[in-house]
Amino acid sequence: MIREFKCCFCVQVLLGVWTAVGSYAHSIIESESAGGSNVAAYRTGTPITGQESKSFYRISCPGLSECVPLEECPELLLETARQCYRGDFSLSCGVNELEPHVCCSRQQQQQIPQPGGFNDRNTDVGCGKSIVQGDYYHGLGAYPFVARVGFKNTKTGSFIYPCSGSIIARQIILTSAHCALAKADSHRLSSVRIGDYDTRTDPDCGNTGFCAPAAINHAVSQIIVHPDYVDGQYHHDIALLVLKTPINYTVAAQPVCLHRRRQDLTVGRRVQIIGWGKLSTSGTKSPELQSLEVPLTSWDQCVRAYSATGALQSTKSIEGEWMCAGGEGRDACLGFGGAPLIIKERGRYAQIGIMSFGAETCGALNMPSVYTSIAHYAHWIESNSPTTFV
């Protein structure tokens with residue numbers, strides 16, 4: 001079984017070498033994983049069937065090296081090809097669709113210009129990428145940019161994780177202000193847990209046998225809240241958490257892109273909310289990272305839903321600071337505060353909103369949730385992110 005993976009890996013490596021040296025103007029050939037036959041999962045020999053057949057997985061890389069597509073580490077191209085001929089796969093860490101992946105040091109990685117915001121331009125491999133991919137895959141590593149915001153009990157030392165955030169740089173987490181300033185008896189915001197998927201297990205392992213590195217609690221060194229946010233309200237509900245130590249990007253920890261445009265965020269477009277919490281369609285809070293697809297809705301619908309509550313009225317309210325999504329009879333509920341609302345374009349995830357608040361009757365028809373708009377606050381995010389940590 002493992003031989004099938006190695007063959008696929010080497011075929012793609014050699015195609016890359018032939019292209020690089022100009023010997024062949026090759027065309028794309030059908031991947032061994034695209035058909036209906038079973039394909040072995042790397043490391044275990046466990047067959048992947050059905051809709052998961054397009055996904056390959058990786059193992060963690062040693063030291064400061066990271067698992068990246070071979071094309072982003074050209075220094076290893078020829079050496080990897082030589083190793084394939086010798087049957088040595090020590091540099092390889094998996095295959096993603098048609099792309100072989102290798103363990104590449106940060107110094108070797110090619111700085112490829114990418115479109116997008118500051119967290120894209122200054123990231124080694126680009127933002128919004130999931131190393132584990134598949135058309136219907138939502139498991140470990142599918143959404144590696146979501147983090148858990150941790151509050152420490154000052155008496156017992158135990159942790160609770162009542163809300164979420166998103167990784168936008170190696171030492172910067174984006175979340176809601178109401179989460180960053182949350183108050184609870186004997187608890188204080190202490191850390192951000194990176195690389196988690198299933199809160200019951202550590203490390204997390206996929207159902208095909210691959211395992212992610214153990215999750216890490218990164219201490220928070222600075223909390224940056226929008227200056228116009230008022231505690232207890234939801235206007236300007238946005239904050240940055242600066243970590244003391246940088247995140248080592250892995251299969252379960254990657255940065256998300258920030259979506260700056262409004263024009264393509266039209267009413268009815270399908271988007272996703274990602275986080276740990278309770279969905280209206282479930283009776284209990286799930287220990288696994290949850291994803292829910294919802295439609296973008298008009299601002300008028302939110303006004304009708306919340307006008308009587310006064311939540312949208314404030315002297316500090318400004319047009320365009322919020323966006324609405326949901327209202328079709330299902331929604332993300334308790335535990336999703338600060339979680340990212342995302343879209344996927346050209347194979348990359350981009351965050352368009354931050355979960356701010358919703359109705360007490362969560363999941364009720366015509367009752368969408370309200371999100372802080374990334375497009376509106378993109379400049380604030382960039383200008384307030386410490387440049388040494390991006």
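Label sites at H138 and D228, each approximated as a point 7 angstrom past Cα along Cα to Cβ, lie 3.6 nm apart. A cut-off of 5 Å between modelled amide H atoms, ignoring neighbours fewer than 5 places along the same chain, links S221 with V242, L243, K244. The Cβ shell under 13 Å around A239 holds other residues with a net charge of -3, Lys and Arg each +1, Asp and Glu each -1. The share of accessible area on region 213-296 that comes from carbon and sulfur is 50 percent, using a 1.4 angstrom probe. A 1.4 Å probe run over region 167-214, with the rest of the protein chains in place, finds 38 Å² accessible per residue.
For the cross-link pairs K152/K244; K129/K152; K244/K344; K244/K285; K183/K278; K155/K278, which exceed 26 Å when the distance is taken from alpha carbon to alpha carbon?
Pairs exceeding the cut-off: K129/K152; K244/K344; K244/K285; K155/K278.
For the peptides 261-272, 376-387, the ranking by mean Cβ contacts within 10 Å, running from highest to lowest, is 376-387, 261-272. Per-residue packing, averaged as other Cβ atoms within 10 Å, sorts the ranges 73-83, 158-168 into the order 158-168, 73-83, beginning with the highest. Put simply, when 170-177, 324-331, 298-305 are sorted by average Cβ atoms within 10 angstrom per residue, most first, you get 170-177, 324-331, 298-305. The 3J(HN,Hα) values that the Karplus relation (6.51, -1.76, 1.60; θ = phi - 60°) gives for region 324-334 are, in residue order, 10, 8, x, x, 9, x, 8, 6, 8, 10, 4 Hz. Gly and Pro appear as x. Close amide H contacts of G353 (hydrogens built in the peptide plane, cut-off under 5 Å, sequence separation of 5 or more or a different chain): L341, I374.
The values are calculated or read from the model by the stated rules, or taken from the named source; none is laboratory data. Everything quoted here is computed from the prediction, not taken from an experiment. Cβ coordinates were reconstructed from backbone atoms using ideal geometry, including for glycine residues, and neighbour counts include every protein chain displayed. Calculation scope for accessible area: heavy atoms of the full protein, side chains included, ligands and nucleic acids excluded. Shrake-Rupley method; radii C 1.70, N 1.55, O 1.52, S 1.80 Å.
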